[in-house]
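Trainee: For reference, the structure I am asking about is given below.
The values are calculated or read from the model by the stated rules, or taken from the named source; none is laboratory data. Quick caveat: nothing in here was measured; it's all calculated off a predicted structure. Because the Cβ atoms are built from the backbone with ideal geometry, glycine has one as well, and the counts that use them run over all protein chains shown. Side chains are part of the model used for accessible areas, which takes the heavy atoms of the whole protein and leaves out ligands, DNA and RNA. Shrake-Rupley method; radii C 1.70, N 1.55, O 1.52, S 1.80 Å.
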Amino acid sequence: MHEGFYRLMKNLIILGIDPGSKTTAFGIVDCLNKTFYYDFVRLQNIKNFDDKIHAVFTKTQEVIENYDISEVAIEDVFYSVNIKSSLKLSEIKGAILAAVKNAHINIVHYSTREIKQAISGYGAASKAQLKFIVEKILNTKLDKLPLDVSDAISIALAHCSYKHTTSRIN
């Protein structure tokens with residue numbers, strides 16, 4: 001890698017977020033060192049939807065405060081046939097965006113296909129395939145964690161990849 005890449009990537013800590021109505025996951029990746037951390041909030045036991053939104057907002061703030069986040073990458077909401085589910089997921093994403101903007105951090109949005117393409121080279125890869133590749137990239141096992149965690153880490157890694165590509169072009 002060339003010197004400009006190292007300057008761009010130095011201390012570039014990406015927070016990848018996989019918003020979900022059952023589990024919202026956070027993957028924190030140091031793009032240069034490929035070190036990572038994760039966190040998640042389980043929402044299925046919280047009955048009141050307003051409390052779910054508050055839990056996601058609070059956890060997002062907590063993660064941002066605990067790590068020196070440079071940028072946030074978030075997965076776009078997948079619009080399905082179930083409009084009610086899509087609206088709830090949009091509200092959860094709104095809580096995340098509010099917490100990130102409160103911290104004055106840049107947010108980049110990626111489609112599911114863009115994330116899968118960046119990580120696996122195949123835009124229709126399965127969650128299991130993504131998890132396998134993330135484990136290989138980071139030389140770790142994520143067996144006892146929800147798939148949402150490997151998804152969040154893959155979002156952060158995809159953003160690192162796009163930042164690397166951009167630095168090589170410029």
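Trainee: Quick one: in the chain, what % of C-alpha pairs are over 22 Å apart? List each step's numbers first, then the result.
Mentor: Numbers: 5819 of 14365 pairs.
So the portion of pairs separated by more than 22 Å is 41 percent.
Trainee: Now for a different question. Quick one: order Arg42, Arg113 from most to least accessible surface, probe 1.4 Å.
Mentor: Highest to lowest solvent-accessible surface, that is Arg113, Arg42.
Trainee: Let's test the formula: R0 of 41 Å, r as the Cβ-Cβ distance of Tyr162 and Lys47. What FRET efficiency results, to the nearest 0.05?
Mentor: For Tyr162 and Lys47, the calculated efficiency is 0.60.
Trainee: In whole Å, how far is the Cα centre of the stretch 132-157 from that of the stretch 41-104?
Mentor: 19
Trainee: Here is a further query. Quick one: length gained pulling Asn139 to Asn11 fully straight, 0.36 nm per residue minus the C-alpha distance?
Mentor: So the extension gain works out to 44.0 nm.
Trainee: With a 10 Å radius around each residue's Cβ, average the other Cβ atoms per peptide and rank 103-112, 30-39, highest first.
Mentor: Peptide ranking by packing, descending: 30-39, 103-112.
Trainee: Which of the peptides 45-52, 88-95 is most tightly packed, and how do the rest follow, judged by the mean count of other Cβ atoms within 10 Å per residue?
Mentor: By packing density, highest mean first, the sequence is 88-95, 45-52.
Trainee: Another question, then. Using the reciprocal of the averaged 1/r over all distinct C-alpha pairs, how large is the Kirkwood radius of the stretch 70-150 in Å?
Mentor: With all distinct Cα pairs of the stretch 70-150 included, I get 14.4 Å.
Trainee: Past 22 Å, Cα to Cα: identify those pairs from Lys88/Lys141; Lys34/Lys141; Lys34/Lys116, in the order given.
Mentor: Flagged as over cut-off: Lys88/Lys141.
Trainee: Heavy-atom accessible area per residue, the stretch 1-134, 1.4 Å probe: how many Å²? Intermediate results must be reported in sequence, preceding the final value.
Mentor: Numbers: 7330 Å² over 134 residues.
Per-residue accessible area for the stretch 1-134 comes out at 55 Å².
Trainee: Long-range amide H contacts for Thr24: which residues qualify at under 5 Å (H placed 1.01 Å from N, peptide plane, sequence gap of 5 or more or a different chain)?
Mentor: Under 5 Å from the amide H of Thr24: Val41, Leu43.
Trainee: Roll a 1.4 angstrom probe over the protein heavy atoms and tell me the percent of accessible area of the chain that is carbon or sulfur.
Mentor: Details: 4730 of 9200 Å².
Here carbon and sulfur together make up 51 percent of the probe-accessible area.
Trainee: Testing the spin-label approximation: label points 7 Å from Cα along Cα→Cβ at Thr58 and Asn33. State their distance in nm.
Mentor: 3.1
Trainee: Shifting gears a bit: Expressed as an acute angle from 0 to 90° and rounded to the nearest 10, what is the orientation of the C-alpha long axis of helix 147-169 relative to the principal long axis of the chain?
Mentor: 40
Trainee: Among the DSSP beta bridges whose two residues both lie in the chain, what percent are antiparallel, rounded to the nearest 5?
Mentor: Just about 60 percent of them are antiparallel.
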